[in-house]
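Data block below; observations after.
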Amino acid sequence: MNEPVSTFKLFGLTFDIGNMVSLVVVAAIVFFFIFALSRKLQIKPTKKQNVLEMIVEYTNGLSTNSLSAKNAKPYGLYAFVLFVFLFISNQLGLFLEVAYNGVTYVKSPTSNPVVTMTLAVMALGLAHFAGVSKLGFKGYFSSTYLKPFKLWLPLNIFEEFANFLTLGLRLFGNIFAGELLLGMVSNLVVTHGVVMVIPGFILGMAWVGFSIFIGTIQSLVFVILTFVYISQKIQPEE
Amino acid sequence: MLSQTLFSSVAATEEGGLAIGNIIFTAIVFIVLMALIKHYAWKPLSDVMAKRADKISNDISSAEKSRKDAEELAKKREVALSKSRDDANDIINNAKDSAQKQSEQIVSEARNDAQSVKASAQKDIEQERKDALANTKDDVANLSVEIASKIIQKELKSDDQKALIDSYIEGLGKQNAR
């Protein structure tokens with residue numbers, strides 16, 4: 001299933017237009033959603049502000065689950081943006097899929113492994129950076145790679161790569177599978193004609209509902225795991 | 001199928017170059033989004049939430065203070081109330097005492113007055129009685145004299161009268177001679 005992509009080259013780098021459009025659409029939706037909610041902030045919150053504060057409180061809760069409140073404070077914004085961004089990304093492909101000349105331009109950006117792995121690299125980079133800034137390079141190195149004893153070094157290095165791959169690929173796999181199966185259901189209707197309209201519709205509805213659930217869970221898991229990794233790096237186990 | 005997609009997406013192009021453009025673009029989009037949200041939503045929201053936390057803690061401490069004030073005030077009022085109750089009791093007792101005294105005084109005065117009035121009345125009555133008695137004596141004397149003179153007038157004849165007058169005159173003469 002090699003989907004065609006339309007690409008262009010700039011400064012020797014290859015850009016995927018469909019991917020870029022999806023990312024920008026998601027970013028725009030997230031921004032305007034948050035922007036609209038954050039107008040006219042008051043000490044005594046209104047309906048919109050309550051919604052925003054509920055999301056913020058929720059993501060703050062995710063970060064303080066693994067970190068102490070003091071340690072979690074600098075990552076509040078990251079957790080908030082990451083969660084909302086992933087949530088919208090995961091759902092976008094379920095509602096909106098724009099294709100032109102066989103090239104899909106608008107879909108879930110998180111159904112692209114490059115995007116999810118980039119986010120995973122950013123999350124783990126943040127975790128390692130936090131570890132170094134908190135414990136110093138020596139403390140970071142020994143607590144991350146030389147525990148429980150020095151011989152564990154190769155395993156620990158392997159673990160870091162495993163963390164990176166699982167973090168990125170878990171999200172990608174879930175969302176990609178969701179879109180793939182949705183595509184197959186719609187194909188079923190297209191190839192079998194009128195007979196399959198009603199079963200296809202029911203199947204599609206069920207699968208979209210399940211995918212919304214999966215997308216929500218996966219954005220949640222991604223944020224939680226990011227903070228688990230950060231906490232592992234800044235709070236060495238005894 | 002999954003690995004194929006994975007591979008093709010990572011490879012992205014026929015030349016097999018890693019999709020570094022996508023990686024950079026993803027990172028840039030995410031970082032820009034974070035910066036925008038920080039500027040337009042996160043900072044104002046954090047400010048508002050911090051302000052709210054301040055306000056709530058202020059409210060709590062001020063409520064604590066006013067509660068203490070109210071308690072103090074209530075205590076003061078309690079004290080003042082009991083004091084005024086005592087005062088009122090004192091005043092009532094004083095008033096009772098003075099009223100008692102006054103009433104006793106009035107009663108004794110009235111008794112004295114009544115006694116003096118009674119005494120003077122008795123004296124007056126005695127006097128009246130005496131006067132009346134004296135008057136009656138006089139009247140009786142006059143009456144008896146009149147009655148006697150009437151009786152005498154009737155029995156005395158003119159010569160007898162003459163003889164009587166003479167005897168009087170004689171008596172007068174004797175008196176003068178002495």
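Is it true that some residue in the stretch A:192-203 is under 16 Å from residue A:111 (Cβ atoms) and either open to solvent by 80 Å² or more (accessible area, probe 1.4 Å) or not β-branched (Val, Ile, Thr) (or both)? So far as the stretch A:192-203 goes, no, none of its residues is under 16 Å from residue A:111 (Cβ atoms) and either open to solvent by 80 Å² or more (accessible area, probe 1.4 Å) or not β-branched (Val, Ile, Thr) (or both). Can you name the residue in the stretch A:159-194 that is more than 21 Å from residue B:23 (Cα to Cα) and charged (D, E, K, R) and is also nearest to the other protein chains (Cβ to nearest Cβ) among such residues? Looking at residues that are more than 21 Å from residue B:23 (Cα to Cα) and charged (D, E, K, R), I get A:179.
For the stretch A:133-147, the set of residues classified as closer than 25 Å to residue A:76 by Cα and free of Cβ contacts under 8 Å to residues at least 40 places away in the same chain consists of A:133, A:136, A:137, listed by residue number. For first residues located in the stretch A:109-121 and at the interface with chain B (Cβ under 7 Å from one of its Cβ atoms), partners that are open to solvent by less than 10 Å² (accessible area, probe 1.4 Å) and lie 6+ apart or on another chain with Cβ distances below 6 Å form the pairs A:112/A:19; A:113/A:172; A:114/B:19; A:114/B:22; A:115/A:109; A:115/B:26; A:118/B:26. Determine, yes or no, whether residue A:107 is at pLDDT below 85 and at positive phi. No.
Of the set (1) within 11 Å of chain B (Cβ to nearest Cβ); (2) free of Cβ contacts under 8 Å to residues at least 24 places away in the same chain, all apply to residue A:150 but (1). Note on the stretch A:16-101: enclosed helices (runs of 4 or more DSSP H) holding 1 or more residues that are of a type in the set (Val, Ile, Thr), within 11 Å of chain B (Cβ to nearest Cβ) and crowded, with 17+ Cβ neighbours inside 10 Å are A:17-37, A:47-66, A:76-95. Just one of the listed residues (A:183, A:131, A:125) is under 24 Å from the mean Cα position of the chain (by Cα), at pLDDT 80 or above and farther than 19 Å from residue A:66 by Cα, and it is A:183. Taking the stretch A:113-134 as the range and being under 19 Å from residue B:21 (Cα atoms) and not small (Gly, Ala, Ser) as the test, the residues that pass are A:113, A:114, A:115, A:116, A:117, A:118, A:119, A:121, A:122.
Contact map, the stretch B:22-43: first residue within 7 Å of chain A (Cβ to nearest Cβ) and under 18 Å from residue A:55 (Cα atoms), second residue in a helix (DSSP H, G or I) and hydroxyl-bearing (Ser, Thr, Tyr), Cβ cut-off under 9 Å, separation 6 or more or different chains; pairs are B:34/A:78.
The values are calculated or read from the model by the stated rules, or taken from the named source; none is laboratory data. Quantities reported herein were computed from a predicted structural model and do not represent experimental measurements. So basically every Cβ, Gly included, is an ideal-geometry build from the backbone, and we count neighbours across all protein chains shown. These accessible areas exclude ligands, DNA and RNA; they are computed on the full protein's heavy atoms, side chains included. Shrake-Rupley method; radii C 1.70, N 1.55, O 1.52, S 1.80 Å.
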